[in-house]
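The values are calculated or read from the model by the stated rules, or taken from the named source; none is laboratory data. No experiment lies behind these values; they were computed from the predicted model shown. Positions of Cβ are generated from backbone atoms using ideal geometry, with glycine treated the same way; all protein chains shown enter the neighbour counts. These area figures cover heavy atoms from the full protein model, side chains too; ligands, DNA and RNA do not enter into them. Shrake-Rupley method; radii C 1.70, N 1.55, O 1.52, S 1.80 Å.
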Amino acid sequence: MPPIEIIKDIHWVGAIDWNIRDFHGYSVDRGTTYNAFLVMDDKITLFDTVKRGFREDLIGNISRIVDPASIQYLVVNHVEMDHSSLLPEIVELVQPKKIFCSEMGRKNLVAHFHSERWPYEVVKTGDTISLGKRQVRFIETRMLHWPDSMFSYIPEERLLISSDAFGQHLATTERYDDEVDLSMLLGHAAKYYANIILPYSNLVQKLLAQVREIGLEIDMIAPDHGLIWRTNPGKILECYDEWSQQKGKLKALVVYDTMWHSTEMMARAIMEGLIEEGVSAQLFDLAVSHRSDVVTEVLDAGALVIGSATINNGMLPRMADLLHYLRGLRPLNKIGAAFGSYGWSGEAVKLITTAMEEMKFEIIDPGIKVHYVPSDDDLKRCVDLGHRVAKALQEKTQDRIQSSGEAVPI
Ligand code: FEO
């Protein structure tokens with residue numbers, strides 16, 4: 001994909017990864033991009049690099065604009081290998097005068113590349129450098145999502161180069177938000193948030209407050225993955241504000257793994273109860289649903305009803321995988337209940353309940369266990385559980401609306 005001039009003398013010079021499908025456990029079914037940006041100023045500056053394997057894309061794109069050896073400054077907003085694994089080759093080729101990064105960035109670069117002799121210039125929030133006609137102001141964004149992460153802001157262009165934040169794993173020939181369907185794009189941004197940024201939601205709130213406080217004027221947000229927000233930067237900021245509050249909508253998920261369809265029968269009965277109470281509900285069978293797609297829906301769900309059959313005194317392995325993944329993402333403000341069939345011991349329901357308690361879910365039922373195959377009475381109990389989850393969710397939403405003054409339940 002050739003370079004694109006996103007603003008006069010500022011070029012996208014990244015790479016499109018059409019074929020990646022797994023990003024450390026996150027299913028990236030539409031691939032991704034590794035964005036890098038070249039600013040042609042008195043000091044020619046490259047913001048971020050790309051993953052090893054995409055050398056020809058990055059070098060080829062830069063070379064169409066300028067001799068790479070002319071680059072004087074490198075800015076490393078984030079050290080994770082998808083943005084830095086090509087960095088040693090770039091440093092070797094470019095011989096930059098300065099490499100700007102946060103203090104944690106310097107430490108992490110040394111830990112990755114044993115590169116003590118590189119010409120680091122450590123910057124912190126508020127530090128500003130001049131490229132000539134333009135300035136770059138740095139904003140550290142520690143733990144969004146690594147300790148080294150930072151933003152680079154170019155005030156003359158009102159351009160925020162935002163590293164991983166506001167990104168999407170989405171490979172396209174288009175480079176801007178207004179060139180694709182916005183709801184599709186926001187869906188990928190939500191998946192990205194749910195699978196990567198969610199544990200740091202409190203820091204997102206603080207960062208957004210900081211952005212408001214310093215009055216950062218933003219016309220364009222250029223993340224390191226996916227499309228550039230040139231028409232809807234306000235929309236993605238608004239979404240991050242909403243997602244990071246984790247309020248939970250009137251929406252329930254029923255997620256299960258089943259051995260011989262008994263737990264599935266229970267799941268469908270619980271769905272029936274939820275639907276009868278008018279709550280939006282989604283059903284996920286882990287045999288056909290990827291953990292990262294489930295987590296995307298967890299982002300704005302208010303309740304999770306989770307079921308597994310018992311196997312060898314535990315839950316089925318796909319459910320253990322989901323709960324392990326979910327625990328790390330630290331979702332907040334969820335109502336929870338467990339269910340499952342069993343043959344002779346039936347530990348899965350208790351184990352799932354314990355996992356939900358550890359995530360501070362509000363457990364509204366000790367859990368429904370069914371011996372082998374559910375009877376009609378068992379299924380009625382499951383429908384009733386659906387009713388009770390729905391009512392608890394409706395009451396919680398109503399309480400929240402009354403206490404916060406929100407206008408409309410969503
Ligand atoms: Fe896109 Fe945290 O790397």
#### Entry: Tyr120 long-range amide H proximity, modeled H, under 5 Å
Ile99
### Query
Using a Gaussian network for the chain with springs between C-alpha atoms less than 10 Å apart, which of these wobbles most: Ser289, Ser84, Ser162?
Ser289
### Task
Would you mind working out the accessible area per residue for the chain, using a 1.4 Å probe, and quoting it in Å²?
41 Å²
#### Entry: Charge dipole of region 152-267 about the Cα centre (unit charges at C-beta), most positive-ward option of Thr173, Ser152, Ser244
Ser244
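Over all distinct alpha-carbon pairs, what is the Kirkwood Rh of region 29-112 in angstrom? It would help to have the intermediate numbers written out before the result.
Working: mean 1/r = 0.0771 Å⁻¹.
Mean inverse Cα-Cα distance, inverted, gives 13.0 Å.
I need the Kirkwood Rh of region 141-287: take the reciprocal of the average 1/r across all distinct C-alpha pairs and report it in angstrom. Kindly include the intermediate steps, with their values, before the conclusion.
Numbers: mean 1/r = 0.0576 Å⁻¹.
The Cα-based Kirkwood calculation yields 17.4 Å.
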### Task
Rounded to the nearest Å, what's the spacing between the alpha carbon centres of region 336-394 and region 299-334? Just the number, please.
12 Å
### Query
Under the Karplus relation 6.51 cos²θ - 1.76 cosθ + 1.60, θ = phi - 60°, what is the ordered set of whole-Hz ³J(HN,Hα) values for region 203-213, x standing for Gly and Pro?
6, 5, 4, 5, 5, 5, 5, 5, 4, 5, 5
### Query
Rounded to the nearest 5, what % of the DSSP beta bridges within region 1-123 are antiparallel ones?
60 percent
### Task
Set the Förster distance to 25 Å, then compute FRET efficiency between Glu217 and Arg330 from the Cβ-Cβ distance, nearest 0.05.
0.20
### Query
Which shape class, rounded, prolate or oblate, goes with region 1-74 when its Cα gyration tensor gives a ≥ b ≥ c as root eigenvalues, a/c under 1.5 marks rounded, and past that a/b bigger than b/c marks prolate?
prolate
### Query
Which lysines have a Cα less than 26 Å from the Cα of Lys43, not counting those fewer than 8 places away in the same chain?
Lys8, Lys51, Lys97, Lys98, Lys107, Lys124, Lys133
### Message
Rounded to two decimal places and with Rh computed the Kirkwood way over Cα pairs, what is Rg over Rh for region 127-187?
### Response
1.06
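Using the Cβ atoms and a cut-off under 10 Å, what net charge is assigned to the surroundings of Thr172, where Lys and Arg are +1 and Asp and Glu are -1? Working shown, then result.
Working: positive: Arg30, Arg175; negative: Glu174, Glu179.
Once positives and negatives cancel, what remains is 0.
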### Query
Amide H to amide H, which residues 5 or more places from Thr231 or on other chains are under 5 Å from it, using H placed in the peptide plane?
Asp177, Asp178
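Provide the net charge surrounding Asn195, with neighbours chosen by a C-beta distance below 15 Å and charges set as Lys +1, Arg +1, Asp -1, Glu -1.
On the way: positive: Arg21, Arg30, Lys191, Arg291, Arg327, Arg330; negative: Asp22, Asp29, Glu80, Asp82, Asp164, Asp293, Glu297, Asp300, Asp321.
Charge balance in the 15 Å sphere: -3.
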### Summary
Per its Cα gyration tensor (rounded if a/c is under 1.5, else prolate when a/b beats b/c, else oblate), region 249-325 is best filed as oblate
### Query
If contacts are Cα pairs under 8 angstrom and at least 6 residues apart, what is the relative contact order of the chain in percent?
11 percent
### Message
Can you give me the distance in nm between label points at Lys235 and Ser130, each placed 7 Å from the Cα along the Cα-to-Cβ direction?
### Response
3.9 nm
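For Leu38, what charge total do you get from the other residues with a beta carbon under 11 Å from its beta carbon, if Lys and Arg give +1 and Asp and Glu give -1?
Details: positive: Arg64; negative: Glu5, Asp9, Asp41, Asp48.
Here the charged neighbours net out to -3.
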### Task
Would you be so kind as to identify which of Ile364, Ile228, Thr263 lies farthest towards the positive end of the dipole of the chain, taking Lys and Arg as +1 and Asp and Glu as -1 on Cβ and the Cα centre as origin?
Ile364
### Task
With an 8 Å cut-off on Cα pairs and a minimum separation of 6 or more residues, tell me the relative contact order of region 79-134 in percent.
37 percent
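For the chain, give the magnitude of the charge dipole about the Cα centre (Cβ charges: +1 Lys/Arg, -1 Asp/Glu; no others), in debye to the nearest 20. Could the numbers behind the result be given before it?
Details: 43 positive and 58 negative charges, 145 e Å.
Approximately 700 debye in magnitude.
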## Note on the structure
Candidates Leu299, Leu198, Leu208; GNM for the chain (alpha-carbon contacts under 10 Å) flags as most fluctuating Leu208
### Query
Which three lengths, in whole Å and largest first, does region 206-345 cover when its Cα atoms are put on their principal axes?
62, 32, 24
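Using +1 on the beta carbon of Lys and Arg, -1 on that of Asp and Glu, and nothing else charged, what's the dipole of region 214-254 about the Cα centre, debye to 20?
On the way: 5 positive and 6 negative charges, 66 e Å.
Taking the Cα centre of region 214-254 as origin, the dipole is about 320 debye.
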### Task
Counting only DSSP beta bridges with both residues in the chain, tell me the antiparallel percent, nearest 5.
45 percent
### Task
Starting from 0 in steps of 10 Å, tell me what percent of the Cα-Cα pairs of region 353-410 lands in each bin.
19, 36, 31, 12, 3
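Would you mind getting the Kirkwood hydrodynamic radius of region 307-410 from its Cα pairs, rounded to one decimal in Å?
On the way: mean 1/r = 0.0668 Å⁻¹.
About 15.0 Å for region 307-410.
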### Message
Could you tell me the relative contact order of region 1-75? Use alpha-carbon pairs under 8 Å, at least six residues apart, and round to a whole percent.
### Response
29 percent
### Query
Taking all protein chains as present, what is the carbon and sulfur share of the accessible area of the chain, in % to the nearest whole number, probe 1.4 Å?
51 percent
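Shape verdict for region 87-205, please, from the Cα gyration tensor: rounded (a/c under 1.5), prolate (a/b greater than b/c) or oblate.
Numbers: a/c = 1.71, a/b = 1.51, b/c = 1.13.
Judged from the Cα gyration tensor, region 87-205 comes out prolate (a/c at least 1.5, a/b above b/c).
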### Query
With springs only between Cα atoms under 10 Å, which of Asn35, Asn202, Asn333 fluctuates most in a Gaussian network model of the chain?
Asn202
### Task
Would you work out the charge dipole size for region 214-301 about its Cα centre, treating the Cβ of every Lys and Arg as +1 and the Cβ of every Asp and Glu as -1, and quote it to the nearest 20 debye?
20 debye
### Message
Give me the tail of P(r) for the chain as a percent: Cα-Cα pairs with distance above 29 Å.
### Response
49 percent
### Message
Can you compute the modelled spin-label distance between Glu357 and Val110, with each label point 7 Å from Cα toward Cβ, in nm?
### Response
4.6 nm
